């Protein structure tokens, strides 16, 4: 092997090693930045939407429906330990707050991290009224899949943890919206049915049909 060839190989080897080290360092910086951003969002959320507690809270295993790890276009129930109230209204607020704030990773998030649950009511007939901040509409990507994942994650999380609820109405900043972000119809109601705690996979919650309502996909 000639001397020039040896020098060339040595230079290329050094360049590859340097590139790998630089890539590793860049990856570490990106991970730190993502962690810092997550911490910042969490800190801001604790100020805007402090944890919801009540005297009746007890430790319980909740099922929260986030995007599936294996199939991001599907929902899957994730068991987490929470302090949950016996009152259906408070309990609903607690699991919805967890749905927004406690996603295992950004890729599993179904609702915008900046969205807030402004109010939640339960009518005598079991109808739940969930009023979300504008971010639920403005920051949910427009599209039938992303909007369906958002709405269905709300409905499935409620029906898995608050079996007394019968149907769901979603409001945006106290007002009825025609769609979430241009596709999924919000003018009707979403039927809720109690599900077994060990449900293996999410199924879409069916909305009460409304005039000219778009077809929903899970």
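Here, each number is a calculation from the coordinates, and none is a lab measurement. On a predicted model such as this, the values are computed, not experimentally measured, just so you know. Note: ideal-geometry Cβ built from the backbone for every residue, glycine included; neighbour counts use all protein chains shown.
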Checklist outcome for this item: In terms of the alpha carbon gyration tensor, root eigenvalues a ≥ b ≥ c, rounded if a/c is under 1.5 and otherwise prolate when a/b exceeds b/c or oblate, the range 58-191 is oblate
Item to check | Segment residue 83-residue 129, extension gain: residue separation times 0.36 nm, minus the distance between their alpha carbons | outcome: 14.4 nm
Checklist outcome for this item: Taking alpha-carbon centroids only, the range 72-91 lies from the range 160-181 a number of Å equal to 16
Item to check | Cα→Cβ-extended label distance, 7 Å offset, between residue 179 and residue 23, nm | outcome: 4.1
Checklist outcome for this item: Computed from the beta carbon distance with a Förster radius of 35 Å, FRET efficiency for residue 70 and residue 9 to the nearest 0.05 stands at 0.25
Item to check | Sorted by Cβ neighbour density within 10 Å, fewest at the top, the residues 193, 183 | outcome: 193, 183
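Per-residue counts of other Cβ atoms within 10 Å, averaged by peptide: what ranking do you get for 156-165, 141-150, highest first? Numbers along the way, then the final one.
Details: 156-165: 22.2, 141-150: 18.7.
Output ranking for 156-165, 141-150: 156-165, 141-150.
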Checklist outcome for this item: Listed with the fewest Cβ neighbours within 10 Å leading, 180, 171 appear as 171, 180
Next on the checklist: Sort 96-106, 12-22 by the packing proxy (mean of other Cβ within 10 Å over each peptide's residues), most packed first.
Outcome noted: 96-106, 12-22
